[in-house]
Amino acid sequence: MPVWNDNKFMARRAIALERIRENLGLGETAEERKGWFEGVYDLADGDPAGVPWSDTEPRAPLVRWLAEQSEDHLRGHALDVACGLGDNAEALSAAGFETTAFDFSKKAVVWAKKRFPDSRVKYEVADLLDPPRDWLSAFNLVHETYTVQALQGDMRRKAIASIARMVAPRGRLLVITRARDEGEEADGPPWPLDRDELAAFEKYDLDLVRLDDFAEQRDRPIRHFLAEFRRP
């Protein structure tokens, strides 16, 4: 059952969101933003309902995209960006990819490993804005859901560049994000992306080959983009 149909889960989430607003300041710098995310995991105290970006299952747009792929396209090395509690990484692994998943939060990585003790996913602690050098141009598929939309300004631009640079030659990038029209106000977090911001990935030798603009049904319909890029 999706979490937004689970009244008890959503009640705990509502309490957690209020606790986050009362106790944590988002901050402006990268270090302050990291502190905010770490604070969320601390306040959650082992309850996934306390982590606003965790649904305890992989994101539905990713699941649908994986189901559409041919077997040949489900091979190679995949990277799950900012993996959180690990559900999307596990979906990539189950589909056939050799999967590396990372988060800058050690608490998140430890939690993910605890949730999936027999996992084949390689979970690591790493910083998206300063990733390991051997990850550059290393992955056949790079997947990010809801990561860029959590950042603003220079951090957002750096995250886009970093994500793009980890795609291997002939590799693919899959971006799933909340969406907005150009010029539409975004009172985040999160701050949905518009099409011009998605186009920023193309500055790094990536070609946009698919763009879905759709409403994802959660507790209410929420506009999303699914963008697939390929490196020549």
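Read-outs: derived from the displayed coordinates by stated rules, not from any lab. If you're wondering where the values come from, they're calculated on a predicted model, not measured in any experiment. We place every Cβ from the backbone using ideal geometry, glycine too, and count neighbours over all the protein chains shown.
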For segment 96-159, give the magnitude of the charge dipole about the Cα centre (Cβ charges: +1 Lys/Arg, -1 Asp/Glu; no others), in debye to the nearest 20. 220 debye
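Nearest 5 is fine: what % of DSSP beta bridges in the chain come out antiparallel, could you say? Can you show the working numbers first?
Values: 18 of 36 bridges.
In the chain, DSSP labels about 50 percent of beta bridges as antiparallel.
Can you compute the charge dipole magnitude of segment 1-145 about its Cα centre, using +1 on each Lys and Arg Cβ and -1 on each Asp and Glu Cβ, nothing else charged? Give it in debye, rounded to the nearest 20. Write out the running numbers ahead of the final one.
Details: 18 positive and 26 negative charges, 64 e Å.
Roughly 300 debye for segment 1-145.
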Measuring from the lowest to the highest alpha carbon on each principal axis, how far does the chain reach, largest first, in angstroms? 47, 45, 34
Over 20 Å (Cα to Cα) among Lys158/Lys203; Lys34/Lys106; Lys34/Lys114; Lys122/Lys203 -> Lys34/Lys114; Lys122/Lys203
Please work out the Cα convex hull volume for segment 3-50 and give it in Å³ per residue. 68 Å³
Return the sequence-ordered ³J(HN,Hα) values of segment 138-154 in whole Hz as given by the Karplus equation 6.51 cos²θ - 1.76 cosθ + 1.60 applied to θ = phi - 60°, using x for Gly and Pro. 10, 10, 5, 9, 10, 10, 9, 10, 6, 8, 4, 5, 8, 10, 10, x, 5
Please rank Ile20, Ile15, fewest neighbouring Cβ atoms within 10 Å first, as an exposure proxy. Ile15, Ile20
Rounded to the nearest Å, what's the spacing between the alpha carbon centres of segment 11-54 and segment 165-232? Just the number, please. 24 Å
Among Leu208, Ala94, Leu62, whose Cα sits farthest toward the positive end of the charge dipole of the chain (+1 at Cβ of Lys/Arg, -1 at Cβ of Asp/Glu, about the Cα centre)? Ala94
If you project the alpha carbons of segment 1-139 onto their three principal axes, what span does each projection cover, largest first, in Å? 48, 38, 25
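Where does the chain land at 222 nm, in deg cm²/dmol rounded to the nearest 500, when only DSSP H runs of n ≥ 4 count, each adding -39500 (n - 2.57), divided by all residues? Don't skip to the answer; put the middle values down first.
Working: 7 runs with 78 residues, N = 232.
Taken over the chain, the calculation gives -10000 deg cm²/dmol.
Might you report the magnitude of the Cβ-based charge dipole of segment 167-232 about its Cα centre, with Lys and Arg at +1 and Asp and Glu at -1, to the nearest 20 debye?
In total the dipole reaches around 480 debye.
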How far, in nm, would the chain grow between Leu43 and Ala94 when pulled straight, counting 0.36 nm per residue and subtracting the alpha carbon separation? 15.3 nm
